[in-house]
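The structure appears below as structure tokens.
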2 protein chains.
Amino acid sequence: MKVTVDIVIFTIQSDELKVLLVKRGIPPFKGQFALPGGFVHEDESLDNAAMRELREETGVSDVYLEQLYSFGEPGRDPRERIVTVAYYALISADRSQLAAGTDTTEAAWSRMSKLPILAFDHRKILEYALERLRNKLEYTTVGFQLLPEKFSLTELQGVYEAILDKRLDKRNFRRKIELLKILKPTSEYRRGGQRPARLYRFAAARFEKLKDKGILFPF
Amino acid sequence: MKVTVDIVIFTIQSDELKVLLVKRGIPPFKGQFALPGGFVHEDESLDNAAMRELREETGVSDVYLEQLYSFGEPGRDPRERIVTVAYYALISADRSQLAAGTDTTEAAWSRMSKLPILAFDHRKILEYALERLRNKLEYTTVGFQLLPEKFSLTELQGVYEAILDKRLDKRNFRRKIELLKILKPTSEYRRGGQRPARLYRFAAARFEKLKDKGILFPF
DNA sequence: GCAAAAGTGTTATTCTTACACCCATGG
DNA sequence: CCATGGGTGTAAGAATAACACTTTTGC
């Protein structure tokens, strides 16, 4: 029985949640889009296999990566019995350039709201990943993983809105973030729009303390 | 690469959370306790493999069963590379008699508060399962899976207390359950203690409606 | 009649939600 | 000077948490 890892790689571009898909160059499902993935090597852990695939497709490492679920229906790959351990990863917008040429496959960011037909059972995997991401958003700080180191409050709210696919109230959002005390204001401002927006940094250390007390994200 | 399923089978006996362990008859870890499990057959799904193992160990089917996480460190089994897909199952007290003789291994319920040393990385799997169960308890109705069809409110509260390992306020607990409107009172009473306790039945259909509205368990 | 578990409400506090205007800058 | 997105507070309603006594039965 063979074991692969498939990775749902999310990012946010233009206020939209996107996922990385690769076009298959060989049968089965030749020409269709699929999630990036590959075989787990004999001497590497599942996590390491996922990290390797991620690096091969995008060139990035050191990003948020979490195991999702394992899929192993007989027949999910028409050639042979394959069990795949699915992962999802979050890449900040400023690092979501693709690693051109590191892989022979054609890869592209696809909008979650307008997905093509996917090979194998990858549609199911993707839906599961989105559900997990939405849940995690509500009681963890995964949202920050999709932003650069410094970001404005509007940008942070945009991440939440893109993932949850609904509008949030600006003042209530800011109050909740404020109460969590997990942001450190910088002295920098994002210019380029109209009024410049103050930039903040995620203060993870403070969040760890909150977790210990059982205080969590109330979105 | 070989794929196995391991199952964390929970039940509640004498107001305590217990887990099914089997004593290993062969090396490695001969004589130590381990989670029940076995190889995934070539033609069965992961879920079916888990259900089969569960039935072989306990004789029960048609119980709550959920995939937990996959573990695949090289070296987690000293003999060869094995990826295990862990599941957890919930069995109600009235069905937790062991299927004697259906399997050659020696199986026993062990208190979660007093676990023996476990083989392989099974301690880690068990801790992960307990964490998942505790989380699910707070926003799903898994708790009911550990009770017989009819149960008293005190028994239900006992399930929550055993799993969360903390005392809950009786009146607040009852009010919350009441508000959810997921229990149907029967005309039966549990006798044998002092004052007889009214028995209730879980009305799953009502819960589905709540889920649709996003209303969840507030424990 | 008394020990033991079942059952039952109120209040204070905290959290959530809805809602509208002024501010700083770029053009 | 005006268009654009940034920034700020309040009040009503809902949810949560703390808390003690009466009732029904078995022995």
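Take the conditions of a type outside the set (Ser, Thr, Tyr), at pLDDT 95 or above, within 21 Å of B:Lys124 (Cβ to Cβ) and in a loop (DSSP other than H, G, I, E, B) and apply them to B:Lys18. Does it pass? Break it down stepwise before answering.
Working: of a type outside the set (Ser, Thr, Tyr): yes; at pLDDT 95 or above: yes; within 21 Å of B:Lys124 (Cβ to Cβ): yes; in a loop (DSSP other than H, G, I, E, B): no.
Criteria not met by B:Lys18.
Name every residue in region B:45-61 that is within 14 Å of chain A (Cβ to nearest Cβ) and surrounded by 18 or more Cβ atoms within 10 Å (Cβ to Cβ), in order of residue number. Outline the logic, then answer.
Initial filter on region B:45-61 (within 14 Å of chain A (Cβ to nearest Cβ)): B:45-52.
Listed by number, the residues that qualify are B:Leu46, B:Ala49, B:Ala50, B:Met51.
Right, A:Glu42: surrounded by fewer than 16 Cβ atoms within 10 Å (Cβ to Cβ), of a type in the set (D, E, K, R) and within 20 Å of B:Tyr69 (Cα to Cα) or not? Step through it out loud before you land on a result.
Values: surrounded by fewer than 16 Cβ atoms within 10 Å (Cβ to Cβ): yes; of a type in the set (D, E, K, R): yes; within 20 Å of B:Tyr69 (Cα to Cα): yes.
So A:Glu42 passes the test.
Can you go through A:Tyr69, A:Tyr64 and tell me which one is within 14 Å of chain B (Cβ to nearest Cβ) and among the hydroxyl-bearing types (Ser, Thr, Tyr)?
Working: A:Tyr64 fails: within 14 Å of chain B (Cβ to nearest Cβ).
Going through A:Tyr69, A:Tyr64 in turn, just one is within 14 Å of chain B (Cβ to nearest Cβ) and among the hydroxyl-bearing types (Ser, Thr, Tyr): A:Tyr69.
The values are calculated or read from the model by the stated rules, or taken from the named source; none is laboratory data. As the structure is a computational prediction, the values presented were derived from the model and not from experiment. As a convention, Cβ positions derive from the backbone with ideal geometry for all residues, glycine included, and neighbour counts pool all protein chains shown.
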